[in-house]
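Notes follow the structure.
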Amino acid sequence: MKKSQISIEHACPPTIFSDIDGTIWKHEWDVRHSMNGTQRLLPDVFHKFLDWHRQGFRIILTTGRPEFLREDTERQLKELGIFYNQLVMDCGPGPRVLINDTPNDTPKAYAVNLERDSGLEGVDISYTQEKSNGD
Ligand SMILES: [Mg+2]
């Protein structure tokens, strides 16, 4: 299993941008096959999303699914108990790039490339709240 460890120290909790198909549940070439109620979450997905939610992370789901599948997608996410703040659809099938600035040369953009359908075992995003310097 490939591990991916990210340690973040910041005054505010991080925002996670996560894909859905192949990341949260099994990827199907025809998305309609993933809507028959048989979908199950991939390993460690439920636990990680719950843990991130409890730590105050914002969770933005990004998917290439078209906008007209929003209702079905929201229902699936609800049935499987996935916590999230926003669902961004129509992201397209191509690669995704996250751009951010780096105050004081501290990185603010990270990426995790997961093997399709492998789940979130070994993905460790740890967050420590940076202490205020008192001013
Ligand atoms: Mg995907």
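Straight-line reach from LYS3: which lysines fall under 18 Å, measuring Cα to Cα and dropping same-chain residues less than 8 apart?
Of all the lysines, those that pass the test against LYS3 - Cα under 18 Å, at least 8 places apart if same chain - are LYS48.
Considering only DSSP beta bridges whose two residues both sit in the range 4-129, what percent are antiparallel, to the nearest 5?
Details: 1 of 16 bridges.
Around 5 percent of the beta bridges assigned by DSSP in the range 4-129 are antiparallel ones.
Can you put PHE49, PHE57 in order, fewest other beta carbons within 10 Å first?
On the way: PHE49 24, PHE57 20.
Ascending number of Cβ neighbours within 10 Å: PHE57, PHE49.
Can you find, among ASN113, ILE24, PHE57, the residue sitting farthest towards the positive end of the charge dipole of the chain, where Lys and Arg contribute +1 and Asp and Glu -1 at Cβ?
Working it through, the farthest residue towards the positive pole turns out to be ILE24.
About the Cα centre of the range 4-129, how large is the charge dipole given +1 on each Lys and Arg Cβ and -1 on each Asp and Glu Cβ? Please answer in debye to the nearest 20.
Working: 13 positive and 19 negative charges, 43 e Å.
That gives the range 4-129 a dipole magnitude of about 200 debye.
ARG40: net charge of surrounding residues, Cβ under 14 Å, Lys/Arg +1, Asp/Glu -1, itself excluded? Intermediate values should be presented prior to the final figure.
On the way: positive: LYS26; negative: ASP21, GLU28, ASP44, GLU79, ASP117.
Neighbour charge sum, excluding ARG40 itself: -4.
Among THR15, SER4, LEU77, which residue has its Cα furthest toward the positive end of the charge dipole of the chain, with +1 on Lys/Arg Cβ and -1 on Asp/Glu Cβ?
Checked the options; the winner is LEU77.
Using Cβ counts within 10 Å as a stand-in for footprinting exposure, how do VAL31, VAL97, VAL45 rank, fewest first?
Numbers: VAL31 17, VAL97 7, VAL45 21.
Lowest count first: VAL97, VAL31, VAL45.
From the alpha carbon gyration tensor of the chain, can you work out the equivalent ellipsoid semi-axes (sqrt of 5 times each eigenvalue) and give them in Å, largest to smallest? Let's see the in-between values first.
Details: eigenvalues 161, 49, 43 Å².
Taking √(5λ) for each eigenvalue gives 28, 16, 15 Å, largest first.
For SER126, SER4, what's the fewest-to-most ordering of other Cβ within 10 Å of each Cβ? List each step's numbers first, then the result.
On the way: SER126 10, SER4 15.
So the ranking, lowest neighbour count to highest, is SER126, SER4.
Taken together, the values in this text are just the output of simple stated rules run on the coordinates, not laboratory data. Quick caveat: nothing in here was measured; it's all calculated off a predicted structure. A quick note on method: Cβ atoms are made from the backbone with ideal geometry, for glycine too, and the neighbour counts reach across all protein chains shown.
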